[in-house]
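The values are calculated or read from the model by the stated rules, or taken from the named source; none is laboratory data. Given the structure is predicted, the values throughout are model-derived calculations rather than measurements. When we count neighbours, we look across all protein chains shown, and the Cβ atoms used for this are built from the backbone with ideal geometry, even at glycine.
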Amino acid sequence: MKIKKLTLSPFQENTYVVWDEETSEAIIIDPSCLSENEEAELKTVITENNLNVKYLFNTHGHLDHIFGNAFVKETFNPIHYAPEIDMPLFDRAVEQAEGFGLTMKVSPKPDKYFDESIPLYIGKTEIKFLFTPGHTPGEFCILFPTENICISGDVLFKESIGRTDLWQGNYNTLMNSIKTKLLVLPEETIIYPGHGESSTIKYEIEHNPFLN
């Protein structure tokens, strides 16, 4: 499995392209492309690697994680998964973007909603969904258990955690999500967060001030 990170939009959000090398099946996670240049940058990753975009995942509904949904759906037509509980955020995203002086395309409605019981694959690579609310009420992390890789959205960052002062954020809920869903993963698991650098579960257990 390969991962490509693109840091896009004024929010400096990490957009991930994840693919299976044998089959070239790919997932685009949290596309934040807001300009034509950023859309072209994302498209170049897909075309240069001859990828078949099978899925579009949004870990949660904050606008910086869904800026590029319309472009991805229109261009590659993947199956779109997102958290059902976060749909009010999707519905208000254009209005919120205008509040920042930004113009975004209306995100399409997801084709399906995340569920921890759903088994998905790209090639032979298993995908698991971890329900990790707190930053938003519906957020999910994306786990690739055989690869020891977790896309942690805005739940867990290198030496930090997600904000809980936004709509329906809850600090205690977030900490419970981190402790019961992420810190129980193998220590060598690499986390790829929605902002900033990657890390590992072991490093966060030892160095994250919110966990000590």
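Here are the numbers for this structure:
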quantity: Residues of region 126-179 satisfying the condition of being of a type in the set (S, T, N, Q) and modelled with pLDDT under 95; calculated: 168
quantity: Which numbered condition residue 83 misses (of (1) buried (at least 17 other Cβ atoms within 10 Å of the Cβ); (2) in contact with a Leu (Cβ under 8 Å, 6 or more places away or on another chain); (3) closer than 22 Å to residue 154 by Cα; (4) not aromatic (Phe, Trp, Tyr)); calculated: (2)
quantity: Residue 11 vs. criteria buried (at least 24 other Cβ atoms within 10 Å of the Cβ), aromatic (Phe, Trp, Tyr) and in contact (Cβ under 8 Å) with a residue 60 or more places away in the chain; calculated: no
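Listed here are the residues, each with its yes/no results for (1) farther than 18 Å from residue 140 by Cβ; (2) over 15 Å from the mean Cα position of the chain (by Cα).
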position: 90; (1), (2): no, no
position: 97; (1), (2): yes, yes
position: 100; (1), (2): yes, yes
position: 104; (1), (2): yes, yes
position: 109; (1), (2): no, yes
position: 114; (1), (2): no, no
position: 126; (1), (2): no, yes
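Yes/no per residue for (1) free of Cβ contacts under 8 Å to residues at least 12 places away in the same chain; (2) basic (Lys, Arg); (3) in contact with a helix residue (DSSP H, G or I) (Cβ under 6 Å, 6 or more places away or on another chain); (4) more than 24 Å from residue 26 (Cα to Cα):
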| residue | (1), (2), (3), (4) |
| --- | --- |
| 127 | no, no, no, no |
| 134 | no, no, yes, yes |
| 151 | no, no, no, no |
| 164 | no, no, yes, yes |
| 209 | no, no, no, yes |
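For every residue, the table says whether it meets (1) over 18 Å from residue 58 (Cα atoms); (2) within 18 Å of the chain's Cα centre (by Cα); (3) buried (at least 16 other Cβ atoms within 10 Å of the Cβ).
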{"position": "121", "(1), (2), (3)": "no, yes, no"}
{"position": "135", "(1), (2), (3)": "no, yes, yes"}
{"position": "140", "(1), (2), (3)": "no, yes, yes"}
{"position": "162", "(1), (2), (3)": "no, yes, yes"}
{"position": "172", "(1), (2), (3)": "yes, no, no"}
{"position": "191", "(1), (2), (3)": "no, yes, yes"}
{"position": "197", "(1), (2), (3)": "yes, yes, no"}
{"position": "200", "(1), (2), (3)": "yes, yes, yes"}
{"position": "203", "(1), (2), (3)": "yes, no, no"}
